Amino acid sequence: MGLGPVILYMLISSGTHFQHFIPTFNTCRIIDTWGVFMGRIRDTFLKLERSGECAFIAYLMAGDPDPVQTPRIATAIARYADILELGIPFSDPIADGKTIQAASERALRAGMTPKKIFEHVAAIRRETEIPIVVMSYYNPIVQFGVDRFMNRFAL
């Protein structure tokens, strides 16, 4: 059996830098082995596997260039992406590359907060059924309350 769909991941930012990479792993094996892709995400990967297509997972830092535009930008991206990864800005994003660090800084300067992510996800969900993955450092989740945070997204 050959490789299943390969994920194409591209950073979408209001800045001028784009990063992309193509991991070389079998998506189907990840689904079967890790069991981490559920609901809309699992269904998306299974549909892509059946059609022999690759997944396009777009990344958007919530609040960049400003919090008001995030749902509109995300909805526009959803027309072309298979999965949307929505980043929660963090004040000390040392594990990220320069592009995500800069996007995080712009979002925080524009007034984005981790609490607003729930409003954004709800607004995006009203417009599209695209699977949404939230990327965050653990610190904002702990500060918000892990159980409370997870329960807000367990929809």
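Side notes on the structure shown:
- Close pairs (7 angstrom Cβ cut-off, 6 or more residues apart or separate chains): touching a residue at least 12 places away in the same chain (Cβ under 8 Å) in the stretch 135-153, small (Gly, Ala, Ser) and assigned to a strand (DSSP E or B) anywhere: 135/87
- Taking the criterion of being of a type in the set (S, T, N, Q) and surrounded by fewer than 17 Cβ atoms within 10 Å (Cβ to Cβ), the residues of the stretch 129-143 that qualify are 139, 143.
- Subset of the stretch 86-95 [surrounded by fewer than 17 Cβ atoms within 10 Å (Cβ to Cβ) and of a type outside the set (S, T, N, Q)]: 92, 94, 95
- Flag if residue 9 is in a loop (DSSP other than H, G, I, E, B) and either surrounded by fewer than 15 Cβ atoms within 10 Å (Cβ to Cβ) or modelled with pLDDT under 90 (or both): no
- Contacts under 6 angstrom Cβ, first residue in the stretch 99-125 being surrounded by 21 or more Cβ atoms within 10 Å (Cβ to Cβ), partner of a type in the set (Gly, Ala, Ser) and in a helix (DSSP H, G or I), 6 or more apart: 124/74
- Any hit, the stretch 19-33, residues being more than 17 Å from the chain's Cα centre (by Cα), modelled with pLDDT under 95, under 22 Å from residue 124 (Cβ atoms) and surrounded by fewer than 17 Cβ atoms within 10 Å (Cβ to Cβ): no
- Check on residue 44, crowded, with 17+ Cβ neighbours inside 10 Å and either basic (Lys, Arg) or modelled with pLDDT of 50 or more (or both): yes
- Where a residue in the stretch 50-72 is of a type in the set (S, T, N, Q) and its partner, wherever it lies, is modelled with pLDDT under 95 and outside any loop (DSSP other than H, G, I, E, B), with Cβ under 6 Å and at least six apart: 70/120
The values are calculated or read from the model by the stated rules, or taken from the named source; none is laboratory data. What you are looking at is a predicted structure, and each value in this text was computed from that prediction instead of being measured. FYI the Cβ positions are ideal-geometry reconstructions off the backbone, even for glycines, and counts take in every protein chain you see.
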